[in-house]
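These notes are about the structure you will find just below.
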Amino acid sequence: MKRALCLLIALSWSLFVQGLRHTILATADHSLEDYSTFLESLRENGFDVTVANVKDEKAKLFEYGERKYDNVILFSTQSKSLGAAFSPKAILEFAQAGGNVLFAAGSNLPEGIRELGRQLDMYVGERHSSVVDHFHSVEGSDDESVLLDALTESPHIISDETRQAGSIVYKGNGHFLGKNYRAQPVLRGNPSTYVYNKKSESQVSEEPWAAGAQLFLVSVFQSDAGERIGFSGSPEMFANAYLSPSSPSYSVANALFARDLTNWVFQRVAVLHATNMTYGKVGEPYELRNASTYRIKDQMVFSIDIAILNDGQPQPYVTDDVQMELVMLDPYYRVNMVPVASGSQTHQHYEAIFDVPDHYGVFTYKIAYHRPGLNPIDEKATFTIRQFFHNEYPRFLPHAYPYYVSCFAVLGAFLIFCGIWLVQIPKASVKKQK
């Protein structure tokens, strides 16, 4: 049985890896020759990249009601509109259908991109706005090529290699985030960074649209179902000028940042996968697990296997904060699951053992694991907890011993009383015999 289980897990993982996001539509409102190094790096990672202009016929997100691609990259630098095929509604429908999106728009961004950002709780600066920093910028760039190193603290999005590579060169627009917990910043501004608009120069100097730690340059959004969207206010971040080793302005930090961002958005890293969710009585054979009914006060074991996909390869996900709940309207139990050695090279086995409640009804075994930078795990299973059957109760209950003793004491006293009464001779009958 264990061998069959291992084969089943291996098969599920092979199907999972084979079903990874492999196709990309790279589209823009201008020529994509300036991004050839970036697109070639995606091909080297195993992606099938299709290049098209937003006005091309093949630049369609859907065909016959189905997604044509798994991922979409959208660059915009000059158009005021991207057309119906890439409207905010179409892009959101693509994401809701399971696709991932990376879009980058500079200072001359279309209004549709700003509308899409608002729906994601990302509020992009006005058209013709640029990020400026007079103290942290590349020399000779009019303070518009800003040097940034305020990266997200999440290790699942940005690697340590990128953090140690130096400052990232950024030229483009900025945005700020609302209160939607699904949106999180990846790259933010320096304390001296602000958004500048030449058309409202006097107003910007008095009240900047966004500045300092409240100004974000690159942010990501992950839905509850796991689809990912990335937004950058700078298409130049992905251009050959910063990513090509032969360019005089080549930046190692930019190349590593682009790699980490695309790996995360296109779900090559930080993808959790939960399998083999089981429950049953302690000590019972594995084949009898996941039954429909259990008894109150049974000692049960709850288990699950969790793996994480990094660089396209599944690995065990080891942590100490995986919690499970046993719920009937309200949680009766909320306990941490313990990592247990299983010998697997692709997943980590977790268990929790406790006595089920002394309460009968329909219960839900639930795991809701949500962490920044990781796709959420929402798994649940339902079973019934019943009362004892009549023949399952113990013959004598320990807490009823006082009542047993009192019953036998009354019975014994009655027998003693009857014995005394029977052997006693009345005095009146003795006088008559004399």
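The values are calculated or read from the model by the stated rules, or taken from the named source; none is laboratory data. Computed from a prediction, not measured in an experiment: that's the story for all the values here. Every residue, glycine as well, gets a Cβ built from its backbone with ideal geometry; the counts of neighbours run over all protein chains shown. Each accessible area value is taken on the protein alone, full model and side chains, heavy atoms only, with ligands, DNA and RNA left out. Shrake-Rupley method; radii C 1.70, N 1.55, O 1.52, S 1.80 Å.
Share of the chain's accessible area from carbon and sulfur, percent, 1.4 Å?
Numbers: 12620 of 23190 Å².
That share works out to 54 percent.
Mind giving me the FRET efficiency for residue 281 and residue 40? R0 is 60 Å, r the Cβ-Cβ distance, nearest 0.05 is fine. Present the calculation step by step, with values, prior to reporting the outcome.
On the way: r = 56 Å, r/R0 = 0.94.
After rounding, the FRET efficiency stands at 0.60.
Measure nothing fancy, just the Cα-based angle from helix 252-265's long axis to the longest principal axis of the chain, in degrees from 0 to 90, nearest 10.
So the inclination is approximately 50 degrees.
Can you tell me how much longer the chain between residue 408 and residue 290 gets when fully stretched, taken as 0.36 nm per residue apart minus their C-alpha distance, in nm with one decimal?
Here the answer is 37.8 nm.
Quick check: with the 1.4 Å probe, what order do 305, 330, 121, 321 take by accessible area, largest first? Kindly include the intermediate steps, with their values, before the conclusion.
Values: 305 5, 330 105, 121 25, 321 50 Å².
If we order 305, 330, 121, 321 from most to least accessible, we get 330, 321, 121, 305.
May I ask which residue of 331, 374, 292 lies farthest towards the positive end of the charge dipole of segment 276-386, with charges of +1 (Lys, Arg) and -1 (Asp, Glu) on Cβ and the Cα centre as origin?
Working it through, the farthest residue towards the positive pole turns out to be 292.
Once the dipole of the chain is set up with Lys and Arg at +1 and Asp and Glu at -1 on Cβ about the Cα centre, which of 255, 75, 396 lies farthest towards its positive end?
Ranked along the dipole, the leading option is 396.
Residue 31 to residue 370: extension gain in nm, 0.36 nm per residue of separation minus the Cα-Cα distance? Could the numbers behind the result be given before it?
Working: separation 339, 0.36 × 339 = 122.04 nm, distance 3.94 nm.
Difference between extended and current length: 118.1 nm.
Report the FRET efficiency, 1/(1 + (r/R0)^6), for residue 359 and residue 379, where r is their Cβ-Cβ distance and R0 is 22 Å, rounded to 0.05. Display every interim value, and only then the final one.
Numbers: r = 23 Å, r/R0 = 1.05.
Result of the calculation: an efficiency of 0.45.
Of 279, 39, 341, which is farthest towards the positive pole of the chain's charge dipole, taken about the Cα centre with +1 and -1 on the beta-carbons of Lys, Arg and Asp, Glu respectively?
Checked the options; the winner is 279.
Please tell me which of these pairs span more than 30 angstrom C-alpha to C-alpha: 68/380; 68/199; 297/380?
Working: 68/380 32 Å; 68/199 41 Å; 297/380 21 Å.
Those over the limit are 68/380; 68/199.
Just the ratio, please: alpha-carbon radius of gyration of segment 116-203 over 2.2 N^0.38 Å, N its number of residues. Can you show the working numbers first?
Numbers: Rg = 14.2 Å, N = 88, 2.2 N^0.38 = 12.1 Å.
After normalising by residue count via 2.2 N^0.38 Å, the value is 1.17.
Sorted by accessible area (1.4 Å probe), largest first, how do 269, 362, 322 line up? It would help to have the intermediate numbers written out before the result.
Numbers: 269 25, 362 80, 322 0 Å².
Result, largest first: 362, 269, 322.
Using the Cα centre of segment 276-386 as the reference point, and only Cβ charges (+1 on K/R, -1 on D/E), how large is the resulting charge dipole? Debye, rounded to the nearest 20.
Here the size comes out at about 280 debye.
May I ask you to work out the translational diffusion coefficient for segment 54-168 at 37 °C, viscosity 0.692 mPa s, via Stokes-Einstein with Rh from the Kirkwood sum over Cα pairs, reported in whole µm²/s? Can you show the working numbers first?
Details: Rh = 16.5 Å.
This corresponds to a translational diffusion coefficient of 198 µm²/s.
Return the calculated 222 nm mean residue ellipticity for the chain, to the nearest 500 deg cm²/dmol, obtained by summing -39500 (n - 2.57) across DSSP H runs with n ≥ 4 and dividing by the residue count. Present the calculation step by step, with values, prior to reporting the outcome.
On the way: 10 runs with 102 residues, N = 434.
Theoretical 222 nm ellipticity from helices: -7000 deg cm²/dmol.
What is the mean projected area of the alpha carbon convex hull for the chain, to one decimal in square nanometres? Mind dumping the intermediate values first?
On the way: hull surface 143.3 nm².
For the chain, the mean projected area of the Cα convex hull comes to 35.8 nm².
Report the charge-dipole magnitude of the chain in Debye, nearest 20, computed about the Cα centre from +1 at each Lys and Arg Cβ and -1 at each Asp and Glu Cβ. Could the numbers behind the result be given before it?
Numbers: 38 positive and 47 negative charges, 696 e Å.
Result for the chain is approximately 3340 debye, rounded to the nearest 20.
Using a 1.4 angstrom probe on the protein heavy atoms only, line up 264, 209, 421 by accessible area, largest first.
Numbers: 264 0, 209 95, 421 165 Å².
Highest to lowest solvent-accessible surface, that is 421, 209, 264.
For a test of the definition: using alpha carbon positions, the gyration tensor, and the 1.5 limit on a/c, classify segment 126-168 as rounded, prolate or oblate. Write down the numbers at each step before the final one.
Values: a/c = 3.59, a/b = 1.77, b/c = 2.02.
Verdict is oblate for segment 126-168.
What FRET efficiency would be calculated for the residue pair residue 415, residue 299, taking the C-beta separation as r and a Förster radius of 35 Å, to the nearest 0.05? Before the final figure, lay out each step's value.
Numbers: r = 45 Å, r/R0 = 1.27.
Efficiency at R0 = 35 Å is approximately 0.20.
Over the chain, with a Gaussian network built from C-alpha contacts below 10 Å, which listed residue (395, 259, 182) shows the highest mean-square fluctuation?
Maximum fluctuation in the GNM of the chain, among the listed residues, is at 395.
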